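Q: Let me begin by handing over the structure; questions about it come next.
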Amino acid sequence: MSEKEDLAKQKAEAAARAKAVALARKQAKEEAEEKPEVDMDIAKQKAAAAAKAKAAALAKKQAKGAAEKPEGEMDIAKQKAAAAAKAKAAALAKKQAKEAAENPEVDMDIAKQKAAAAAKAKAAALAKKQAKEEAAEKPEVEMDIAKQKAAAAAKAKAAALARKQAKEEAAEKPEGEIDAVKQKAAAAAKAKAAALARKQAKEEAGEKPEVEIDAAKQKAAAAAKAKAAAAAKAKAAAAAKNRTAAQESEEADTPSEISPNQSKLDQIVSAIESHVGQGALLENYINRLSKDVPTLVANPDTYFSIAKFLRYDEQLDFSYLSELHGTDFESHMEIYVHLHSFKMNQSVALKVKLDRDTPVIPSLVPLWSGANWPECEAYDLLGINFYEHPDLKRILLGEDWKGYPLRKDYEPYDVEV
């Protein structure tokens, strides 16, 4: 196609477009005089848009046809096309104006919505096109950076939105619900940390050889056992101390009413201090929890001397030993001896406290033969050593038994037993 033909085509298009716009304006002006303002605006917009679109399409078609014809025929064709376009545009404008006059404001709203949707679609298409062009121009590194920036921006936006929503929800919720949410979040975080620790331990265990894993398990088991034993021992010691203090406090408490055995206790204590010595007894009291039995707490050094005096004194004559047993109070060992005097028709309790690590005390078998088996039992189960006993041995357990089962810190030598 020559330059003259291109110029002619452009002139024809411009002339047709200008003529169509002028015609549309004229028709809109004429119709506006007969219609109210609202209908006139709608009609103008519709007519102008339709006329513009149609004129452009017609101009393109004519220009295409003109490119194939010689100049003379092209001028005639241009005139015919212009006349036809003018007539068609006028008819279309009249029709649109008539339809607009019949439709109320609803048509205007629909038109607005259509126009907004079209504009939105056009903007989206343009944005896609620009993004595509920019992506085509950028190298891969820049695209990756752009993606990372976009992802970071999206993540930040989501976090901000989540914080905003949480803030709004917290403002609406009462304090109880907020605390519950916090607790749930804390529990979830704790569970996640525990799961992560287990996973890491599992991964580390997977990397270690079996020998190291077994050794680690054995060490951990031994450490746990030692820790548990130490904790149990400390707990038992504290409990024993509290029990001893409470027991001694209860035994030492004397109500306002005097015990009927108080005079006998005073008589026994006076006799012991006169014959054995002033410091022979560490303590004496009426045991209210055991039928008001007069109770004597002997010094370990004077234990046998006091027992001998109680056995052979003519006024006292405690000839019958009814009971002897040992007790582990964790802070110390204790021997309890229950004696009875048929002459006085009175019982008395003789107690002595021993060092727990080396519980050694003289045997009472030379004074009362009935102390033989009870002392063997205390030796067998508690490890209390009664020196000068005629035949001290284990009577319930074998001689090869490890440990003393009635001690509070006893652990079986063979855990399977």
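The values are calculated or read from the model by the stated rules, or taken from the named source; none is laboratory data. Bear in mind that the values here come from a model prediction, so they are computed numbers and not experimental data. FYI the Cβ positions are ideal-geometry reconstructions off the backbone, even for glycines, and counts take in every protein chain you see. Heads up: the accessible areas ignore ligands, DNA and RNA and are worked out on the full protein's heavy atoms, side chains in. Shrake-Rupley method; radii C 1.70, N 1.55, O 1.52, S 1.80 Å.
Q: Go ahead and run the numbers for FRET between K184 and A152, Cβ-Cβ distance against an R0 of 25 Å, rounding to 0.05. Kindly include the intermediate steps, with their values, before the conclusion.
A: On the way: r = 29 Å, r/R0 = 1.15.
Once the sixth-power term is evaluated, E becomes 0.30.
Q: Can you tell me the FRET efficiency between K408 and R288 if r is taken as the Cβ-Cβ distance and R0 is 22 Å, rounded to the nearest 0.05? Write out the running numbers ahead of the final one.
A: Working: r = 26 Å, r/R0 = 1.19.
Given R0 = 22 Å and the Cβ-Cβ separation, E is 0.25.
Q: Another question, then. Each residue of the range 350-360 in turn: what ³J(HN,Hα) in whole Hz from Karplus with 6.51, -1.76, 1.60 and θ = phi - 60°, glycine and Pro shown as x?
A: 10, 10, 8, 9, 10, 5, 6, 6, 10, x, 10
Q: Oh, and also: Near the amide H of R356, under 5 Å away, which other amide H atoms are found, from residues 5 or more places off or on another chain, if H is placed in the peptide plane?
A: HN-HN under 5 Å from R356: M333.
Q: Provide the solvent-accessible area of E323, counting protein heavy atoms only and rolling a 1.4 Å probe, rounded to the nearest 10 Å².
A: Probe radius 1.4 Å; accessible area of E323 about 80 Å².
Q: How would D292, D409 line up by accessible area, probe 1.4 Å, largest first? Working shown, then result.
A: Working: D292 30, D409 65 Å².
Correct descending sequence by accessible area is D409, D292.
Q: Separation of the range 338-417 and the range 278-335 by C-alpha centroid, Å?
A: Value for the Cα centre distance between the two parts: 15 Å.
Q: For A57 and E257, compute 0.36 nm times the residue count separating them, minus their Cα-Cα distance, and round to one decimal in nm. Before the final figure, lay out the partial values.
A: Values: separation 200, 0.36 × 200 = 72.00 nm, distance 12.68 nm.
Taking 0.36 nm per residue and subtracting the Cα distance, the gain is 59.3 nm.
Q: Can you list the HN-Hα couplings for the range 301-310, worked out from phi with the Karplus curve (6.51, -1.76, 1.60; θ = phi - 60°), rounded to whole Hz and with x for Gly and Pro?
A: 6, 10, 4, 5, 5, 5, 4, 5, 5, 5
Q: Let me ask something additional. Given the pairs K351/K393; K184/K235; K54/K128; K98/K129; K29/K129, which are separated by over 30 angstrom at their Cα positions?
A: Numbers: K351/K393 23 Å; K184/K235 34 Å; K54/K128 28 Å; K98/K129 39 Å; K29/K129 40 Å.
Flagged as over cut-off: K184/K235; K98/K129; K29/K129.
Q: Let me ask you something else. In nm, to one decimal, how far is the modelled label at K199 from the one at H325, with both set 7 Å along Cα→Cβ?
A: If labels sit at K199 and H325, their model points lie 5.9 nm apart.
Q: Further question: Which order do peptides 331-342, 224-235, 11-22, 384-395 fall in by mean Cβ count within 10 Å, highest first?
A: Numbers: 331-342: 18.9, 224-235: 11.2, 11-22: 16.0, 384-395: 14.5.
Those peptides, ordered most packed to least, come out 331-342, 11-22, 384-395, 224-235.
Q: If each residue of separation counts as 0.36 nm, what is the full-extension length gain between S369 and S270 once their alpha-carbon separation is subtracted?
A: Numbers: separation 99, 0.36 × 99 = 35.64 nm, distance 2.72 nm.
In short, 32.9 nm is gained.
Q: With r defined as the distance between the Cβ atoms of A228 and K192 and R0 fixed at 30 Å, what FRET efficiency is calculated, to the nearest 0.05?
A: On the way: r = 29 Å, r/R0 = 0.97.
Taking R0 as 30 Å, the efficiency between A228 and K192 is 0.55.
Q: Between E399 and A83, what is 0.36 nm times their sequence separation minus the Cα-Cα distance? Round to one decimal in nm. Could you put the intermediate results ahead of the total?
A: Working: separation 316, 0.36 × 316 = 113.76 nm, distance 13.45 nm.
My answer for the length gained is 100.3 nm.
Q: Under a no-solvent Debye model with one identical scatterer per Cα of the range 284-378, what's log10 I(q)/I(0) at q = 0.10, 0.15, 0.17 Å⁻¹?
A: -0.25, -0.56, -0.73
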